[in-house]
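Here you go, one structure.
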Amino acid sequence: MKSFSGKKVLITSGPTIERLDPVRYISNFSSGKMGKALCLAFANAGAEVTVVTGPVNIEYSSAAHVISVESAREMLQACEDQFASCDIAICCAAVCDYRPKIYHDSKLKKGADDASLASIELVKNPDILKTLSGIKTNDQRVIGFSAETNNLLENATFKLKSKGCDMIVANDVSAGQVFSKDKTAATLLTKNGTVEFAGGSKDELAELIVDEVAKL
Ligand code: C5P
C-alpha cells in the first residue's frame with residue numbers, strides 16, 4: 001500500500017554555493033545523496049516529488065521534478081513558489097548560513113584586491129526550514145535535518161523548537177561521518193519522542209523517514 005499516494009512532497013537537497021566573484025564561492029561538502037534517497041523513498045511511496053537542489057553530481061529519481069538552484073536565496077524563492085501546493089517539505093539541503101556581502105563582477109586580483117581577498121565580509125542567509133515552518137498550515141508538515149559534531153540531541157531538540165518544524169533528523173557529523181558518505185546514522189525527533197536509526201544506508205534511513213512522516 002503506497003501511503004503517500006496523492007501527496008506532494010518538496011525536498012531541498014545538496015549544498016548551496018554563494019559566489020564571491022566569477023571564479024570563487026563559499027560552499028560545503030554536501031553531496032545530495034540523502035536528498036536523492038528521500039526522493040526515491042517518497043516516490044516509491046506514491047508521492048509526487050519536487051526536489052530543489054543545489055549543485056550536485058548525482059541523478060535524482062526520474063520520477064522527481066528537479067529544480068536546480070545555486071544560492072540560498074534562489075533555493076528559498078523556489079521553495080516559496082512550490083510550498084503552497086505541497087503537503088510535506090523536507091529540508092535536507094546543507095544551506096550556507098552566510099554569503100559574501102558583496103559579489104564582485106570581475107575576478108578579484110592578487111595584489112590589487114588583497115584587502116577584499118584577505119577579509120571577506122559575510123551576511124546571513126535566509127533560513128528556509130524556519131521560513132517554511134512559519135508559513136505552514138495545519139495540514140502541512142515540515143521536516144528538518146540537524147548535522148552536529150557535539151551535543152547531538154540537545155542541539156536537535158533546540159532546533160525542533162526554534163525552527164518550529166514537525167520533525168528533526170539529527171546526524172552526528174563528527175570525524176567526517178555522513179557528509180558525502182553512503183552510510184549514515186540518525187535520531188528522529190518529534191514532539192512525541194525519538195526514534196533511533198542505529199546505522200545503515202541513506203536509502204534505509206529515507207524509508208524510515210517515510211514511515212515516521214506518515215505518522216505525523
Ligand atoms: O541551523 P542548522 O543549519 O543547523 O539547521 C539545519 C536545518 O535547517 C536543515 O534542515 C537545513 O536544510 C535547514 N536550513 C535551511 N536554511 C538555512 C539553514 C539551514 O533550510 N539557511
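Taking the conditions exactly as written (more than 16 Å from the ligand (Cβ to nearest atom) and not acidic (D, E)), does G111 satisfy them or not? Break it down into steps so the answer makes sense when it comes.
Values: more than 16 Å from the ligand (Cβ to nearest atom): yes; not acidic (D, E): yes.
It is true that G111 is more than 16 Å from the ligand (Cβ to nearest atom) and not acidic (D, E).
Considering each residue of region 127-142, count those that are near the ligand (Cβ under 9 Å from one of its atoms) and more than 17 Å from the chain's Cα centre (by Cα), and give that number.
Number of matching residues: 0.
Out of curiosity, is E121 within 27 Å of Q77 (Cα to Cα), without any contact (Cβ under 8 Å) to a residue 24 or more places away in the chain and of a type in the set (D, E, K, R)? Don't jump to the end; show me each part of the working.
On the way: within 27 Å of Q77 (Cα to Cα): yes; without any contact (Cβ under 8 Å) to a residue 24 or more places away in the chain: yes; of a type in the set (D, E, K, R): yes.
So E121 fits the description; yes.
For region 126-216, please list each of the strands (runs of 3 or more DSSP E) lying entirely inside it that holds at least 1 residues being closer than 28 Å to L76 by Cβ. Steps first, please.
Working: elements: 141-148, 167-172, 183-190, 193-201.
Filter on region 126-216 gives 141-148, 167-172, 183-190.
Conditions (1) near the ligand (Cβ under 9 Å from one of its atoms); (2) within 17 Å of the chain's Cα centre (by Cα); (3) surrounded by 21 or more Cβ atoms within 10 Å (Cβ to Cβ), marked per residue:
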| site | (1), (2), (3) |
| --- | --- |
| S119 | no, no, no |
| N125 | yes, yes, no |
| G144 | yes, yes, yes |
| N151 | no, no, no |
| S162 | yes, yes, no |
| C165 | yes, yes, yes |
| V169 | yes, yes, yes |
| A186 | no, yes, yes |
| G193 | no, no, no |
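Now, a different point. Which condition number does A112 fail, the rest of (1) over 18 Å from E18 (Cβ atoms); (2) modelled with pLDDT of 95 or more; (3) aliphatic (A, V, I, L, M); (4) in a loop (DSSP other than H, G, I, E, B) being met?
Of the numbered conditions (1) over 18 Å from E18 (Cβ atoms); (2) modelled with pLDDT of 95 or more; (3) aliphatic (A, V, I, L, M); (4) in a loop (DSSP other than H, G, I, E, B), the odd one out for A112 is (2).
Within region 12-32, identify whether any single residue is at pLDDT below 95 and of a type in the set (A, V, I, L, M, F, W, C), and answer yes or no.
Yes, region 12-32 contains a residue that is at pLDDT below 95 and of a type in the set (A, V, I, L, M, F, W, C).
The values are calculated or read from the model by the stated rules, or taken from the named source; none is laboratory data. Just so we're clear, the structure is a prediction, and the values are computed from it rather than from any experiment. Quick reminder, even Gly has a Cβ in these numbers, built from the backbone with ideal geometry, and neighbours come from all protein chains shown.
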